[in-house]
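Accompanying notes for the structure given below.
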Amino acid sequence: MVNGMYTGYRSNSNGNGKKITVSGEGSVFAAPNRATATVGVRTENQNLQTAQAENAEKSNGMLAALQNLGIAKDDMKTADFRIDPIYTYEDGKQFFQGYRVTHLYSITIRNLAQAGLIIDTAVENGANEIMNIQFSVAEPQELYNRALSMAVVDSYNKAQTVARTLGIQTAISPLTITEETQKGSPGPFLVASLDTSSGSGTPIEPGQLEIKATVTGTYIG
């Protein structure tokens, strides 16, 4: 499926012919076949070593449970690890309360049918930080190249329309074609709340992804 969006043009004379500059856009829609979820464990304790030990225990339990679902070790990587002091404030005074240890993991999900189960399993085994699920396709370059080709054709068709409108009788030919920044990367599926009390589990619906390409073409006629 292709979308072409008109973005304008300009024309001028250089003595040898007229230059026409237009933009072209192409879009390809595809069902995602991969996802990345950010999940993790947050622990708090007045003693730093205790907070770290509790975090390590829960994190290891969560990772082991995900491995039992078939998630490879290479698909579970640390995304962030931090230790923050906890303070409260009262009457302008600062009071130390302890430490917060947060360990976040990036989990690659190669079987989207398992996405909801993976989230639920992580939560049931200690995860209390669920950031988002980012959907993607395994081979995006092929899809982008198709969108790029469509964008070039779109720019040429627009240039022809402009030429006919201006009464240019000679055939137009491309002078420069500039690829613009790729747009349309898939947005995150935000997990706002999780309820694992029902037997159905957390529903995850990836929908469709749109891969876009944009070019600016200058033609001479």
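Quick rundown of the values:
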{"item": "Within the stretch 33-67, tally of residues that are touching a Ser or Thr at 6+ places or on another chain (Cβ under 6 Å) and outside any strand (DSSP E or B)", "result": "4"}
{"item": "Among (1) among the aliphatic types (A, V, I, L, M); (2) exposed (fewer than 15 other Cβ atoms within 10 Å of the Cβ); (3) closer than 30 Å to GLY217 by Cβ, the one test that ALA113 misses", "result": "(3)"}
{"item": "Number of the exception - ILE168 against (1) over 30 Å from ARG82 (Cβ atoms); (2) among the β-branched types (Val, Ile, Thr); (3) modelled with pLDDT under 90; (4) surrounded by fewer than 18 Cβ atoms within 10 Å (Cβ to Cβ)", "result": "(4)"}
{"item": "Filter result for GLY126 (modelled with pLDDT of 90 or more, within 20 Å of VAL41 (Cα to Cα) and part of a loop (DSSP other than H, G, I, E, B))", "result": "yes"}
{"item": "Residues located in the stretch 146-173, provided they are in a helix (DSSP H, G or I) and free of Cβ contacts under 8 Å to residues at least 60 places away in the same chain", "result": "GLN160, THR161, ARG164, THR165"}
{"item": "TYR105 being open to solvent by less than 30 Å² (accessible area, probe 1.4 Å), among the hydroxyl-bearing types (Ser, Thr, Tyr) and modelled with pLDDT of 95 or more", "result": "yes"}
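The values are calculated or read from the model by the stated rules, or taken from the named source; none is laboratory data. Fair warning: this is a prediction, and the values are worked out from it, not measured in the lab. Neighbour counts run over all protein chains shown; Cβ positions are idealised from the backbone, glycine included. In case anyone asks, the SASA skips ligands and DNA or RNA and just uses the protein heavy atoms, side chains included. Shrake-Rupley method; radii C 1.70, N 1.55, O 1.52, S 1.80 Å.
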